[in-house]
Amino acid sequence: MVLRIPFVHGVLVILLLLMLASPGSVLAAKKMFLQASFNPTQTELGVSVLILGRVFEADNASVSNAVISVQVNNPQGTSIHVAIAYTNPHGVFQDNFLLAADSPAGNYTAFLVADKPGYDTARITLIYAYSTPDFSIDASADKLSLQQGQTGSLTVTILSLRGFNHPVNLTAIDHPPGVTFQFDPTSVTPSGTSAVNVTVSGSVPAGNYTVTLLAVSGSLSHKASFQLIVSAGPVRFDYTMLLVAAGSLLIIIAVLGLVLRSRGRHRRREAALEELLKQAETDTGYVATARVIARLEELRAMGKVDEETYQHLKKEYEKRLEKSR
């Protein structure tokens, strides 16, 4: 019995060593995996970056109570955030850090390491590309329907991105002639809104137009577009055209009256002259000829005989008068 105990102990030690050396040993560390992603959110202070991840085994079983160490470096390689997180029963963990508005643009690198007794260490590296402060523009409607001569409105919203806080000037481009835009206000400091009144004159042809709203601040510019649908407006009575037509009609009537009046005077002259000539033909005596000359003077004074005819007849009747003496 005394001789067998050392032998048994020796066998146990050998078996233990074989188990530890075997790749399939039950005491070998398990393999675990680490996944994570960035979820940025714009805030008034800058960009809040949420790191959300999960630790799991090869068969997708969750690894709870794992310790996650987090280190974030800026584009210059300087550490700006260090933290410790733990996985919940579902193997999920989270951490977040803030990038202020004045943070330098570039790639921010997060180094994540997961540890738990009995498991191999898991590592992952994430990169978040951070750009400089900016803004965005958005129109409250993608379509605006107006009739010729009508006015409509929409709202433009300017949002701050990554702490942008400079004035943004607004204008409209790529619109047809006869369409006017009035912004109130014309300049917005993000985040803010501007009311836009759109007026379509009666001369704008009916149809669909793509209108572009342009927002400019320094070297930054962004656009938002909407469809302007113009339809024919109601028929309106044009008083100006009526007045013009009435004036033209009055002028025509006046000219026609003058023409008729002139023709009437001409006819009366012809009738008076014809009467005078008949009188002179029927009576050629001295007294009758004198009467004709007197009548001729009367017709001249009344404007019923033109000067040329008067002079011609006067000479003729005066000769006749001389002969009848």
Would you give the gap between the C-alpha center of segment 110-130 and the C-alpha center of segment 36-76, rounded to a whole Å? 9 Å
Enumerate the lysines that Lys314 could reach by cross-link, defined here as Cα to Cα under 29 Å, with residues fewer than 8 away along the same chain left out. Lys278, Lys304, Lys323
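Roughly how big is segment 134-231's charge dipole about its Cα centre, with Cβ charges of +1 (Lys, Arg) and -1 (Asp, Glu), in debye to the nearest 20? Let's see the in-between values first.
Details: 3 positive and 5 negative charges, 5 e Å.
In debye, rounded to 20, segment 134-231 gives about 20.
Full-extension gain between Thr171 and Val113, please, as 0.36 nm times their residue separation minus the C-alpha to C-alpha distance. Kindly include the intermediate steps, with their values, before the conclusion.
Details: separation 58, 0.36 × 58 = 20.88 nm, distance 5.10 nm.
Fully extending the segment from Thr171 to Val113 adds 15.8 nm.
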List the lysines whose alpha-carbon lies under 16 Å from that of Lys31, not counting same-chain residues fewer than 8 positions away? Lys116
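Counting only C-alpha contacts under 8 Å and six or more residues apart, can you give the relative contact order of segment 25-130 as a whole percent? Let's see the in-between values first.
Values: 253 pairs, mean separation 31.9, N = 106.
Answer for segment 25-130 is 30 percent.
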Once Lys and Arg get +1 and Asp and Glu get -1 on their Cβ, which of Thr121, Ala36, Ala85 lies farthest toward the positive end of the dipole of segment 25-130? Thr121
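Take the Cβ-Cβ distance between Ser79 and Asp142 as r, set R0 to 56 Å, and report the resulting FRET efficiency rounded to the nearest 0.05.
Values: r = 46 Å, r/R0 = 0.82.
According to the calculation, E is roughly 0.75.
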Give the lysines reachable from Lys223 as a straight Cα distance under 26 Å; neighbours fewer than 8 places away on the same chain don't count. Lys143
Mind checking the full-extension length gain between Lys319 and Ala254? Use 0.36 nm per residue of separation minus the Cα-Cα distance, one decimal, nm. 18.9 nm
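Each value in this text was obtained by applying a stated rule to the coordinates, not by laboratory testing. The structure presented is a predicted model; accordingly, all values stated were derived computationally and were not measured. Counting neighbours? That spans all protein chains shown, and the Cβs are built from the backbone with ideal geometry, glycine included.
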